[in-house]
Amino acid sequence: MAYLSIGAMVDVVPMLFISIEKDPVLRPSRTELGILASAVTWGMALGTAIAPVADLVGRRPSLIVGSAFFSLFAVLQFSASTLNWLIAFRVLAGIGAGVMIVIVNVLMCELLPTLNRGFWLAAFHVGWPVGSSFACIAASFVHDDWRTALLTACLPSVVAMVLMVSSSPESPRFLVLQDSAESAEDVVNRFAR
């Protein structure tokens, strides 16, 4: 669900260029549209750079904060009153997405049994194009209203955040480093089934 939500957020904006260009308040130039389209990916680059902090504070709390950050700023795009705010919200959402990408991949590698780890990692990465497709289809129904399209595209991020908060375990590696080998073993056993 994490990659699905990121794919939806990243790839919806180019579908909305015409609607955004017509907005009497935003009125972006072609250059500004390019900046807007790349804002999430710039944020993702920053997020992946700060994600190693998870080794200090734990992957689960970092994943929850990254997911909440992503979801909050994804939703706030809807309220952007200027182009600069829209770009800022997309960069900030991208920071959360970058943190999520790093941590989810690491957690999956730690938790998935080696026998079928490759399959599940590949299945996880299919989420991006599925999310992109979801956002593009949704945008085609409301293409004249960029705010509604962006709000629709952020729905998967809210679902992903709820799932991550409710079901993500702490990293077994982190637990071992915190002298909690018994908890780490419990996590591994839960996912070994």
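The values are calculated or read from the model by the stated rules, or taken from the named source; none is laboratory data. These numbers were taken from a predicted model, which means no experiment stands behind them. All Cβ positions, glycine included, derive from the backbone under ideal geometry; neighbour counts span all protein chains shown. To get the accessible areas, we keep the full protein, side chains included, count just its heavy atoms, and leave off ligands, DNA and RNA. Shrake-Rupley method; radii C 1.70, N 1.55, O 1.52, S 1.80 Å.
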Counting heavy atoms of the protein chains only and a 1.4 Å probe, report the per residue accessible area for the chain as a whole number of Å².
50 Å²
Can you give the accessible area of E110 in Å² (nearest 10), computed on protein heavy atoms with a 1.4 Å probe?
50 Å²
With every protein chain left in place, what is the accessible area of H125 in Å² (1.4 Å probe, nearest 10)?
70 Å²
Mind giving me the FRET efficiency for R117 and V158? R0 is 41 Å, r the Cβ-Cβ distance, nearest 0.05 is fine.
0.90
For the chain, modelled as a Gaussian network with Cα springs under 10 Å, which listed residue fluctuates most, I18, I103, I87?
I18
PRE reach from W85 (point 7 Å along Cα→Cβ): which of the range 147-171 fall under 20 Å by backbone N?
147-155
Select from V75, V176, V165 the residue whose mean-square fluctuation is largest in a Gaussian network model of the chain (Cα-Cα springs shorter than 10 Å).
V176
Just how large is the dipole of the chain about the Cα centre, in debye to the nearest 20, putting +1 at every Lys and Arg Cβ and -1 at every Asp and Glu Cβ?
220 debye
For the chain, with all protein chains present and a 1.4 Å probe, just round the carbon and sulfur fraction of the accessible area to a whole percent.
69 percent
Pairing the Cα long axis of helix 83-111 with the longest principal axis of the chain, what angle in degrees results, from 0 to 90 and rounded to the nearest 10?
20 degrees
At each listed q (0.20, 0.29, 0.30, 0.33 Å⁻¹), what is the log10 of I(q)/I(0) that the Debye formula gives for the range 146-193 modelled as equal alpha-carbon point scatterers?
-0.70, -0.97, -0.99, -1.04
When the dipole is taken about the Cα centre of the range 12-125, and only Lys, Arg (+1) and Asp, Glu (-1) are charged at their Cβ, what size is it in debye, to the nearest 20?
60 debye
GNM of the chain, Cα pairs under 10 angstrom: of A160, A80, A51, the biggest fluctuation goes to A80
Orientation-averaged projected area, Cα convex hull of the range 51-114 (nm²)
4.6 nm²
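What fraction of the Cα pairs in the range 36-193, stated in percent, has a spacing above 18 angstrom? Before the final figure, lay out the partial values.
Details: 7748 of 12403 pairs.
That tail contains 62 percent of the Cα-Cα pairs.
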Pop the C-beta distance of V188 and V25 into the FRET formula with R0 = 41 Å and round what comes out to the nearest 0.05.
0.20
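Sum -39500 (n - 2.57) across every DSSP H segment of at least 4 residues in the chain, then divide by the residue count to get the 222 nm mean residue ellipticity, nearest 500. Write out the running numbers ahead of the final one.
Values: 11 runs with 153 residues, N = 193.
Calculated at 222 nm, the ellipticity per residue is -25500 deg cm²/dmol.
For V126 and V57 in the same chain, what is the full-extension length gain: residue separation times 0.36 nm, less their Cα-Cα distance, in nm?
Details: separation 69, 0.36 × 69 = 24.84 nm, distance 2.92 nm.
Here the answer is 21.9 nm.
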